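Engineer: Below is one structure. I have some questions about it.
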Amino acid sequence: MTSDVKKLPAGFGRLWTAQTISSLGDGVTHAALPLLALTLTRDPMALAVVTAAGTLPWLLFGVLGGALVDRWDRRRTMWVADTARAVLLGIPVAAAALDVLSIPLLAAVAFLLGLGGLFFDTAATAYLPDLLRRDPALLERANSRLRGAQTAMSGFVGPPAGSALLALGRAVPLLADAVSFLLSALLVRTLPAMPRPVPEARESLLRQARAGASYVFRDRVLLGLALRPAVGNIAFSAVATVLALFAHDRLGIDTYGFGLLLTAEAAGGLLGAGIASRLGRRLGTGTALTCTAAVEGLAILALAAAPNPYAAGLALAVCGAGMGATMVLGPSLRQAIVPAHLMGRVASTSRMLAMCAAPLGAFLGGWLATTHDIRTPLYAAGGLLLAMTAVTASMTSNRRVEAALRTAVAADGPDRQAPEEPARASTPEVL
């Protein structure tokens with residue numbers, strides 16, 4: 001039976017359900033947390049602190065977190081992280097009930113939620129290829145479903161639900177997110193147990209983290225995969241910084257229309273995630289990645305030149321489709337070729353590079369808009385995306401991708417140990 005007709009294992013359905021529920025809770029909190037902070041202060045810097053606090057764990061502990069995940073049991077790491085986040089959200093819920101909620105408390109909660117997300121996301125990325133036995137076709141299908149659910153829940157359903165729940169009470173959205181984390185933890189706890197990777201020679205955590213990062217920079221395919229989101233985040237952050245102003249001043253879009261504009265991008269993302277596997281089969285993964293990156297750059301240039309809101313919405317939808325397909329194909333390829341014992345560190349290194357690039361893009365967008373024109377950041381972002389496409393095209397060519405897949409198969413061997421269902425005996429588990 002060929003890989004493209006194999007069925008996803010039952011355990012994936014539980015993982016997909018858990019991440020869908022968690023993404024819904026994340027969407028609720030991402031919309032509600034800034035609005036909740038707005039009820040406490042009108043200081044833009046204070047609001048920025050709350051927003052930035054959630055990204056700091058990736059900047060400070062990204063690679064070290066990946067090294068820890070490579071030492072720990074991945075399934076256990078996921079459910080412990082979700083349980084901890086559920087308990088953590090009880091603190092601001094209680095503070096809101098006692099009327100002692102504050103900006104420092106919200107910033108601390110956002111930081112710790114981000115830290116929990118670092119461990120959960122890295123462990124989930126490392127767990128999935130073991131569950132699917134590193135089959136490239138299954139990984140693309142699985143990531144397509146995961147990405148589609150994440151986009152739908154956090155982009156469409158979660159934010160309006162968070163705003164609506166906030167109207168019922170300041171603590172209600174946070175309580176809903178806590179429940180989503182608990183449900184996710186319970187589902188993850190039932191996933192099949194995977195054998196741990198062969199332990200490496202006993203080394204310090206810092207040395208293991210450095211080994212994971214250097215593995216990315218030494219491998220041309222992995223480096224090409226890491227550069228795409230890193231450079232892409234510079235471009236997209238530059239666009240996001242000025243998009244609201246561009247939409248209002250140049251396109252005459254009001255607040256409601258701006259929400260619809262963002263919805264168009266999310267809808268394109270769903271489409272891109274859905275067709276990613278088909279693109280990979282038709283064009284080859286390397287060529288498909290090059291094409292989707294080029295589509296993103298051309299779409300941003302079209303957005304910059306858009307004469308009306310409808311053209312802008314179409315451009316953003318096309319850009320979202322390119323992003324959605326890229327974020328399925330890229331991680332799937334990485335999961336198929338990276339050795340199991342390095343998966344956490346490689347994934348976290350790539351994510352950290354992308355997160356570090358975002359502030360640079362925001363600064364670039366603001367500076368270009370101030371010193372030139374409001375369209376300039378968009379033209380610069382489109383040009384940067386096309387330049388990145390040209391640079392990385394040879395790094396992730398079909399020839400290199402196929403060679404990397406053959407090397408991974410040879411290293412793993414033809415057979416992999418079957419997943420084991422979690423034992424029913426009540427034995428204590430420790431990270």
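The values are calculated or read from the model by the stated rules, or taken from the named source; none is laboratory data. Everything numeric in this text was worked out from a predicted model, so none of it was measured. Cβ: placed from backbone, ideal geometry, glycine included. Neighbour counts: every protein chain shown. Side chains included, ligands, DNA and RNA excluded: accessible areas come from the protein's heavy atoms. Shrake-Rupley method; radii C 1.70, N 1.55, O 1.52, S 1.80 Å.
Engineer: Going residue by residue through the range 240-258, is there one that turns out to be within 30 Å of R400 (Cβ to Cβ) and either in contact with a Leu (Cβ under 6 Å, 6 or more places away or on another chain) or part of a helix (DSSP H, G or I) (or both)?
Structural biologist: No.
Engineer: Filter the range 263-284 for residues that are farther than 14 Å from G324 by Cα and either hydrophobic (A, V, I, L, M, F, W, C) or crowded, with 18+ Cβ neighbours inside 10 Å (or both) and give the result.
Structural biologist: L283
Engineer: Report, by residue number, each residue of the range 43-86 that is open to solvent by 60 Å² or more (accessible area, probe 1.4 Å), closer than 17 Å to L33 by Cα and either part of a helix (DSSP H, G or I) or of a type in the set (F, W, Y) (or both).
Structural biologist: Residues satisfying the conditions are P44, M45, V49, T51, L56.
Engineer: Would you be able to say whether some residue in the range 374-396 is free of Cβ contacts under 8 Å to residues at least 40 places away in the same chain, over 26 Å from P331 (Cβ atoms) and not hydroxyl-bearing (S, T, Y)?
Structural biologist: Looking for residues that are free of Cβ contacts under 8 Å to residues at least 40 places away in the same chain, over 26 Å from P331 (Cβ atoms) and not hydroxyl-bearing (S, T, Y), one finds none in the range 374-396, hence no.
Engineer: Moving on. I'm trying to understand the selection: among the residues of the range 334-352, which are open to solvent by 10 Å² or more (accessible area, probe 1.4 Å) and part of a helix (DSSP H, G or I)? Reasoning before the result, please.
Structural biologist: In the first step, residues of the range 334-352 are kept if they are open to solvent by 10 Å² or more (accessible area, probe 1.4 Å); the result is 334, 337, 339-342, 347, 351-352.
Matches in the range 334-352: R334, I337, A340, H341, L342, A347, R351, M352.
Engineer: Moving on. Which of the residues belonging to the range 158-199 are among the hydroxyl-bearing types (S, T, Y) and either at pLDDT 85 or above or outside any helix (DSSP H, G or I) (or both)? Spell out the reasoning first.
Structural biologist: First, pick out the residues of the range 158-199 that are among the hydroxyl-bearing types (S, T, Y): 163, 180, 184, 190.
Listed by number, the residues that qualify are S180, S184, T190.
Engineer: State all residues of the range 69-121 that are small (G, A, S) and within 19 Å of G11 (Cβ to Cβ); if no residue qualifies, say none. Walk me through it before giving the result.
Structural biologist: First, pick out the residues of the range 69-121 that are small (G, A, S): 81, 84, 86, 90, 94-97, 102, 107-108, 110, 114, 116-117.
Selection gives A81 alone.
Engineer: Taking the range 159-178, which residues are over 23 Å from L98 (Cα atoms) and either of a type outside the set (G, A, S) or open to solvent by 60 Å² or more (accessible area, probe 1.4 Å) (or both)?
Structural biologist: We begin by selecting, within the range 159-178, every residue over 23 Å from L98 (Cα atoms); these are 159-161.
P159, P160 - these are the residues of the range 159-178 that are over 23 Å from L98 (Cα atoms) and either of a type outside the set (G, A, S) or open to solvent by 60 Å² or more (accessible area, probe 1.4 Å) (or both).
Engineer: If you don't mind, another one. Among the residues of the range 300-311, write down those that are surrounded by fewer than 24 Cβ atoms within 10 Å (Cβ to Cβ) and not in a loop (DSSP other than H, G, I, E, B).
Structural biologist: Initial filter on the range 300-311 (surrounded by fewer than 24 Cβ atoms within 10 Å (Cβ to Cβ)): 301-302, 304-311.
L301, A302, A304, P309, Y310, A311 - these are the residues of the range 300-311 that are surrounded by fewer than 24 Cβ atoms within 10 Å (Cβ to Cβ) and not in a loop (DSSP other than H, G, I, E, B).
Engineer: Go through the range 121-174 and report how many residues are touching a helix residue (DSSP H, G or I) at 6+ places or on another chain (Cβ under 8 Å) and without any contact (Cβ under 8 Å) to a residue 60 or more places away in the chain. Quick ask: steps written out before the conclusion?
Structural biologist: First, the residues of the range 121-174 that are touching a helix residue (DSSP H, G or I) at 6+ places or on another chain (Cβ under 8 Å): 121-132, 134-163, 165-166, 169-174.
Still in the running and without any contact (Cβ under 8 Å) to a residue 60 or more places away in the chain: 172.
Within the range 121-174, residues that are touching a helix residue (DSSP H, G or I) at 6+ places or on another chain (Cβ under 8 Å) and without any contact (Cβ under 8 Å) to a residue 60 or more places away in the chain number 1.
Engineer: Only residues in the range 72-85 that are over 18 Å from M343 (Cα atoms) count as the first member; pair them with residues that are open to solvent by less than 20 Å² (accessible area, probe 1.4 Å) and β-branched (V, I, T), Cβ under 7 angstrom, at least 6 apart or cross-chain, and list the lot.
Structural biologist: Matching pairs, first to second residue: W79/V188; D82/V188.
Engineer: If you scan the range 210-239, which residues turn out to be in a helix (DSSP H, G or I) and charged (D, E, K, R)?
Structural biologist: Filtering the range 210-239 down to residues in a helix (DSSP H, G or I) leaves 210-218, 220-239.
Those that are in a helix (DSSP H, G or I) and charged (D, E, K, R): R210, R218, R220, R228.
Engineer: To continue, here is another question. Of all residues being open to solvent by 30 Å² or more (accessible area, probe 1.4 Å) and β-branched (V, I, T) in the range 285-296, which is nearest to P229 (Cα to Cα)? Just the residue, please.
Structural biologist: In this case the residue turns out to be T290.
Engineer: Considering F120, F156, F181, which residue is open to solvent by 60 Å² or more (accessible area, probe 1.4 Å) and touching a Ser or Thr at 6+ places or on another chain (Cβ under 9 Å)? Can you show your working first?
Structural biologist: Values: F120 fails: open to solvent by 60 Å² or more (accessible area, probe 1.4 Å); F181 fails: open to solvent by 60 Å² or more (accessible area, probe 1.4 Å).
Exactly one residue qualifies, and that residue is F156.
Engineer: Here is a further query. Assess whether R207 counts as being touching a residue at least 12 places away in the same chain (Cβ under 8 Å), part of a helix (DSSP H, G or I), open to solvent by 30 Å² or more (accessible area, probe 1.4 Å) and of a type in the set (K, R).
Structural biologist: On the way: touching a residue at least 12 places away in the same chain (Cβ under 8 Å): no; part of a helix (DSSP H, G or I): yes; open to solvent by 30 Å² or more (accessible area, probe 1.4 Å): yes; of a type in the set (K, R): yes.
So R207 does not fit the description; no.
Engineer: While we're looking at this one, here's another question. Go through (1) surrounded by fewer than 24 Cβ atoms within 10 Å (Cβ to Cβ); (2) under 16 Å from the mean Cα position of the chain (by Cα) for L40 and report which single condition fails.
Structural biologist: The single condition L40 does not satisfy is (2).
Engineer: Any idea which residue in the range 96-110 is nearest to the chain's Cα centre (by Cα), counting only those that are open to solvent by less than 50 Å² (accessible area, probe 1.4 Å) and either of a type in the set (V, I, T) or farther than 15 Å from T29 by Cβ (or both)?
Structural biologist: Only one residue tops the list, namely V109.
Engineer: Looking at G13, G27, G90 in this structure, which one is in a helix (DSSP H, G or I), open to solvent by less than 20 Å² (accessible area, probe 1.4 Å) and of a type in the set (G, A, S)?
Structural biologist: Values: G13 fails: open to solvent by less than 20 Å² (accessible area, probe 1.4 Å); G90 fails: open to solvent by less than 20 Å² (accessible area, probe 1.4 Å).
Matching residue, one of G13, G27, G90: G27.
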